[in-house]
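The values are calculated or read from the model by the stated rules, or taken from the named source; none is laboratory data. A quick note: this is a predicted structure, and the numbers were derived from the prediction, not measured. Using ideal geometry, Cβ is built from the backbone for each residue, glycine included, and neighbour counts are taken over all protein chains shown. Side chains are part of the model used for accessible areas, which takes the heavy atoms of the whole protein and leaves out ligands, DNA and RNA. Shrake-Rupley method; radii C 1.70, N 1.55, O 1.52, S 1.80 Å.
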Amino acid sequence: MTSRFSGALQLTDLDDFIGPSQECIKPVKIERTAGQQGGSIKVSADGKHYSHVNEKGEETRLGKAKISLNDCLACSGCVTSAESVLITQQSTEEFYRILEGNKKDNDLLIVVSISPQSRASLAVRYGLNTQECAEKLSSFFKKVGCHFVFDTTFSRDLSLLECAREFVQRYKRKESHSKAVPMIISSCPGWVCYAEKTHGNFILPYLSTTRSPQQMMGSLVKNYWAEKHGKRPDQIYHVTVMPCYDKKLEASREDFYNDVYQTREVDLVVSTLEIEQMIEKENVDFEHMEPSPLDRELSSVTEDGKVLSHRGGGSGGYLDYVFRHAAKELFGEEVTQLNLKTLR
């Protein structure tokens, strides 16, 4: 299959965001003890085994380092057997397994939430406008066995509102809290992971505590919406369609796992490219599919089904929205146009 999407998004054929062909950059682990001096690493002739040689010339056989998803920086620099779990859980094969199993048991409500970025990419791919693409995606997912299809513009609106509220609160207490501002906002799980594991306490106090639109939607679907429909969180299977493979890593974080019901807020993430592959696998004429409106409960749509949007940049409009809201809330200034300048 020839894909019209960027090759950077498809690193492998494993439905994963990490390239398995690359060597781990930390192949061995050395257990250090107090007062231990330096030494050297000895590699066996076949290159398969490592030994630590101390200052006395004594050798200690080293085991391979085990790098789990908790160590992952989403840098695409390595892969180990631990990632095979993620590959299995976050794949189109798993999606089809759930769909097929539910046709027999019918004990799950399958919900799909589509990001506006993926919707726009697929619209370009199939020569449609974004409204047409949204309705055809809704029709496609319901054809394969999904019950509800939402658009994450709704949860992005909530993320914008919460970020603006948080910034105003931080700004008001900046005199008493040295790390209240600046506030750093990012919905990129790769960047957040990098910040957590490389800069730690230096950067984390400045990071916004607001959930990303994906995880905001996960909480809404598995809690508010589930209760409204008389369902437990584990009776709903929630799939998101996202433009980036790192969103698979975000959905797999322990922060978003419900210990009581033993379920994740987002059970599976499929990328834009994987949706194109599913469309080809189903052998449907996507451009001419009968449209089906998005479900309105958790979608930003009008009464006649038109998908709404918000102003801002391609990254989600956080800067634009927060700046304009703060200017009005804190200083009574109405900002209609925000002019951005590239500094470097």
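Quick notes on this structure:
- Rounded to the nearest angstrom and listed largest first, the equivalent-ellipsoid semi-axes of the stretch 129-210 from its Cα gyration tensor are 37, 16, 9.
- The alpha carbon gyration tensor of the stretch 224-285 gives principal lengths a ≥ b ≥ c with a/c of 1.5 or higher and a/b no greater than b/c, which makes the shape oblate.
- Loop-located GluC sites (Glu not before Pro) in the stretch 161-214 whose Cβ has at most 16 other Cβ within 10 Å (DSSP): 175
- Rough spin-label spacing in nm, given labels placed 7 Å along Cα→Cβ, for residue 206 and residue 333: 2.1
- For residue 262 and residue 55, the FRET efficiency from 1/(1 + (r/R0)^6), where r spans their Cβ atoms and R0 equals 56 Å, is about 0.65.
- Residue 329 accessible area, 1.4 Å probe, all protein chains in place, Å² to nearest 10: 110
- Residues in the stretch 247-266 reached by a label modelled at residue 196 [backbone nitrogen below 11 Å; 7 Å Cα→Cβ]: 249-257
- Square roots of 5 times each gyration tensor eigenvalue, C-alpha, the stretch 148-270, largest first, Å: 28, 17, 13
- Separation of alpha-carbon centers, the stretch 273-344 and the stretch 215-269, rounded to whole Å: 21
- Packing order of peptides 198-210, 218-230, highest average first: 218-230, 198-210 (average count of other Cβ atoms within 10 Å over each peptide's residues).
- FRET efficiency estimate (nearest 0.05) - Cβ-Cβ, residue 285 to residue 186, R0 30 angstrom: 0.20
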